[in-house]
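Below is one structure; the comments refer to it alone.
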Amino acid sequence: MGCCSGRCTLAFICGMQLVSVLERQVIDFLGYQWAPILTNFLHIIVVILGLFGTIQFRPKYVTGYAAWLVIWMTWNVFIICFYLEVGDLSRESDLVLTFNLSMHRSWWMENGPGCRVTPITPPPSWAPEDHRYISISGCLMDFEFIEVAHSSLQILLALAGFIYACYVVKLISEEEDSFDFIGGFDSYGYQGPQKTSHLQLQPMYMSK
């Protein structure tokens, strides 16, 4: 029963992770955030493998899923520190998230709740010709706090997933050990009784 409830909970957590990261993936695509896009893609693959391992009793898949969650939490901590400008990090250098392939920033910067975007004409002389120059005002929440909230949610889900993944691996290993003990997977398991021959050899006499 414990294994069933633990597996069901972990499967539910994996489902929540898939829903939340798919939403985040769409937002990052709209903002051309290539580094988060690639990381999200890897996360989606690993979560699917973890879900498969949970359903099919594959502890190696669940263990790999748990190991990836440590990396995933580290990445999201970096995103939080980046947008909060912890230490030498600065949001003004957020082109690192786009691999310097574009000048786009977070999609929430222009599309946050209550944000009003006003084009500025004429644009400054230093502005690239293929880019528009805008003014953003009226936002109910700054985009960096929305990004921090998204990353915080991912950390909470990853932490819960890591704890339950370790729990499920432990339960599956214990079940396999107990099954081995009764000969379920033992290569020297039960052998049926062997028939013994009761025939006796009698000497034969040839008549002349």
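The values are calculated or read from the model by the stated rules, or taken from the named source; none is laboratory data. This structure is a prediction, so every number in the text was calculated from the model and none was measured. Calculation scope for accessible area: heavy atoms of the full protein, side chains included, ligands and nucleic acids excluded. Shrake-Rupley method; radii C 1.70, N 1.55, O 1.52, S 1.80 Å.
Points worth noting:
- Table column - 3J(HN,Hα) (Hz), region 31-43, Karplus curve with 6.51, -1.76, 1.60, x for Gly and Pro: x, 6, 8, 5, 4, x, 4, 5, 5, 4, 4, 4, 5
- Accessible area expressed per residue, region 1-60, with surrounding protein chains retained (probe 1.4 Å, Å²): 51
- Placed amide H near TRP107: partners under 5 Å, 5+ positions off or other chain: GLY31
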